[in-house]
Each structure stands twice: as C-alpha cells, then as structure tokens.
Amino acid sequence: MLSNLTPQLTQVVKTMALLPEMEQNTLAEALTVWLSEPSLRKPDADAAWERLFASPASQHWLEQMTRQVEEDFARGAVVDRDPGDLCQ
C-alpha cells in the first residue's frame with residue numbers, strides 16, 4: 001500500500017511516524033475528516049475548512065501545539081527570528 005505514495009507523501013508519513021502516539025492519533029483524526037469531506041479539497045472550501053478547524057480533533061491538536069510552544073518558550077528553545085531569513 002505504501003509503495004503507491006509519492007516521495008513527498010512518503011516523507012510526510014515517515015515524519016509523522018516519529019511523533020508521539022497522541023499526536024499521531026490527532027493527525028489521523030484530522031486526515032480522516034479531510035478525506036471524508038470532499039468539500040474540504042475544493043478551491044472554494046473556506047466554509048468547510050472553518051468546520052474542520054472547529055472540530056474537536058482540530059481543537060485538541062491546536063491545544064496540544066499551544067502547550068508545546070509554551071513549554072518550548074519556557075525552556076528558552078524559541079528563537080525570535082524572521083521566517084523570511086530562513087530562505088536566504
């Protein structure tokens with residue numbers, strides 16, 4: 001099954017496999033919603049995206065990411081940097 005994936009998607013899956021189980025499950029829930037809702041994949045999908053971000057799975061993931069950033073900041077692991085500088 002995985003042999004049918006593009007190289008880019010294969011890399012994403014490998015990266016996701018390194019995440020803790022809870023984060024993997026949260027991503028799986030969000031992807032399941034996205035895959036089951038064709039309107040999310042249309043160019044005019046703003047309303048569908050709003051529904052997705054309002055879903056419990058998305059809220060859970062956003063809460064986890066917020067906690068992680070707050071912990072990283074408290075540890076001093078956050079660097080104040082202009083993202084545009086990373087492309088130079």
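The values are calculated or read from the model by the stated rules, or taken from the named source; none is laboratory data. Please read all numbers here as calculations on a predicted model, not as lab measurements. Glycine also receives a Cβ, built like all others from the backbone with ideal geometry; neighbour counts cover every protein chain displayed.
Quick look at the numbers
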{"read-out": "Qualifying residue in segment 6-26 (condition: modelled with pLDDT under 80 and surrounded by 11 or more Cβ atoms within 10 Å (Cβ to Cβ))", "value": "no"}
{"read-out": "Considering residues of segment 31-79 that are modelled with pLDDT of 80 or more and among the charged types (D, E, K, R) only, the residue farthest from L9 (Cα to Cα)", "value": "R75"}
{"read-out": "Within segment 54-82, tally of residues that are in a helix (DSSP H, G or I), among the small types (G, A, S) and either closer than 19 Å to N25 by Cα or touching an Asp or Glu at 6+ places or on another chain (Cβ under 7 Å) (or both)", "value": "3"}
